[in-house]
Amino acid sequence: MFETTLAGSLPKPSWLATPNVLWAPWTLTGAPLQEAKEDATALAIKRQEEAGIDIVSDGEQARQHFVHGFLAEVDGVDFDKKVRMGIRNNRYDADCPTVTAPLKRRKFVHEKEARVARAATARKLKFTLPGPMTLIDTLADGYYGDRVKMAFAFAELLNQEAKDLERLGVDVVQFDEPAFNVYLDETVEWGVPALERAAEGLKCTTAVHICYGYGIEANIKWKETLGESWRQYENTFPALDRSKIQQVSLECRQSHVPPELMKLLPNKTVLVGAIDVASDKIETPEEVAATLTLATKFVDPERIQACTNCGMAPMTLGTAYAKLRALAQGAALARKSL
């Protein structure tokens, strides 16, 4: 009950990348960069264990970005042909690579960091991948001419990657789908089926993470337009509950998500976001426990895990790990109270 985990990313040390920003430039190149990525991955695992996290992550230390880290080893994506376009339904503009040919995975994309992470811990290991809908929302299409067709092409590649991760010993494969909170009708129509294709045949635990984004200015401004009641989950949770995905990770702490929407996931493990990633304020264990206790009004305690709202990459190392310690301590308080 109340196992602790995190959504995925953690800050990178300054000897690996520029601190406290997304798309952080690497500090090194060549072989020294690869060594630093592996060292940072092992160190992130160790720090999570010290913080008391039960299901640890590689912290995405070897990736500049959760989407583009995967795309770097995919044929058919031209990084030299970029298009300035609005993503997440025009929430912000980005220079997006273009799909110019059939998509094909060149190799097991995340083998090195997953292997290092698996060797670094005896605890359950989670590894995150971008979901099909979020992938296609971050690319210009110069080949398929159909968003759904391209999404399912990516789902096939993600399924190959996920099966390789499972064979390596990863316990939880999580697909990150922030786009599910933006394209609500499409999520139900083809987003969830594409996600199921990405997870097809996996024997390890499968999860999907759906949040309102990193604590960056564009996302904070978008949240301000959503009003006092954020009900996006109301559209997507019923479809996810019918799916074969086993876990759903969602945002709770300091959000305007009505907590009763968790009742729409009666058949899933619910990863309750009890840590706000849009603020540097460190939650107290009591605040974390209160968030988890509130969730028990709508979800059986045995189906609840304590999680962060989203990734923590833009934070300082000190803030991120202090928040993880609070998460573990708060989960212990909530567990004791029940």
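The values are calculated or read from the model by the stated rules, or taken from the named source; none is laboratory data. Just so you know, these numbers come straight off a predicted model, no measurement behind them. Cβ atoms come from the backbone with ideal geometry, glycine included; neighbour counts cover every protein chain shown. Accessible surface is based on the protein model in full, side chains and every heavy atom, while ligands, DNA and RNA are left aside. Shrake-Rupley method; radii C 1.70, N 1.55, O 1.52, S 1.80 Å.
Things to note:
- Given (1) under 29 Å from Lys221 (Cα atoms); (2) at pLDDT 95 or above; (3) not in a strand (DSSP E or B), index of the condition Thr128 fails: (3)
- Residue selected from segment 110-125 under the condition open to solvent by 10 Å² or more (accessible area, probe 1.4 Å), in a loop (DSSP other than H, G, I, E, B) and touching an Asp or Glu at 6+ places or on another chain (Cβ under 8 Å), by the criterion nearest to Glu73 (Cα to Cα): Thr121
- Selection of segment 296-321 for residues being buried (at least 24 other Cβ atoms within 10 Å of the Cβ) and of a type in the set (Gly, Ala, Ser) yields Ala306, Gly311, Ala313, Ala320.
- For segment 215-247, the set of residues classified as charged (D, E, K, R), surrounded by 14 or more Cβ atoms within 10 Å (Cβ to Cβ) and at pLDDT 85 or above consists of Glu234, Asp241, listed by residue number.
- All positions within segment 288-318 that are in contact (Cβ under 8 Å) with a residue 40 or more places away in the chain, assigned to a helix (DSSP H, G or I) and hydroxyl-bearing (Ser, Thr, Tyr): Thr293
- The single condition among (1) open to solvent by 10 Å² or more (accessible area, probe 1.4 Å); (2) within 21 Å of Ser57 (Cα to Cα) that Leu324 does not meet is (1).
- You will find that of Ala194, Ala239, Ala179, the residue that is in contact with a Lys or Arg (Cβ under 7 Å, 6 or more places away or on another chain), among the small types (Gly, Ala, Ser) and closer than 23 Å to Arg147 by Cα is Ala179 and no other.
- In segment 126-155, residue nearest to Ala7 (Cα to Cα) [restricted to those that are among the small types (Gly, Ala, Ser) and open to solvent by less than 20 Å² (accessible area, probe 1.4 Å)]: Gly131
- Condition met for Leu158 (in contact with a Leu (Cβ under 8 Å, 6 or more places away or on another chain), open to solvent by less than 10 Å² (accessible area, probe 1.4 Å) and over 22 Å from Val270 (Cα atoms)): yes
- Restricting segment 10-20 to residues that are at pLDDT 95 or above and either surrounded by 14 or more Cβ atoms within 10 Å (Cβ to Cβ) or small (Gly, Ala, Ser) (or both) leaves a set whose member that is nearest to the chain's Cα centre (by Cα) is Leu10.
- Apart from one condition, Trp23 fits all of (1) open to solvent by less than 70 Å² (accessible area, probe 1.4 Å); (2) in a loop (DSSP other than H, G, I, E, B); the exception is (1).
- Complete set of residues in segment 58-95 that are touching a helix residue (DSSP H, G or I) at 6+ places or on another chain (Cβ under 6 Å) and either surrounded by fewer than 19 Cβ atoms within 10 Å (Cβ to Cβ) or assigned to a strand (DSSP E or B) (or both): Val77, Arg91, Tyr92
Residue-wise test of (1) open to solvent by 20 Å² or more (accessible area, probe 1.4 Å); (2) more than 18 Å from Asp241 (Cα to Cα).
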site	(1), (2)
Pro259	yes, no
Val272	no, no
Ile275	no, yes
Asp280	yes, yes
Thr284	yes, yes
Glu287	yes, yes
Ala290	yes, yes
Leu294	yes, yes
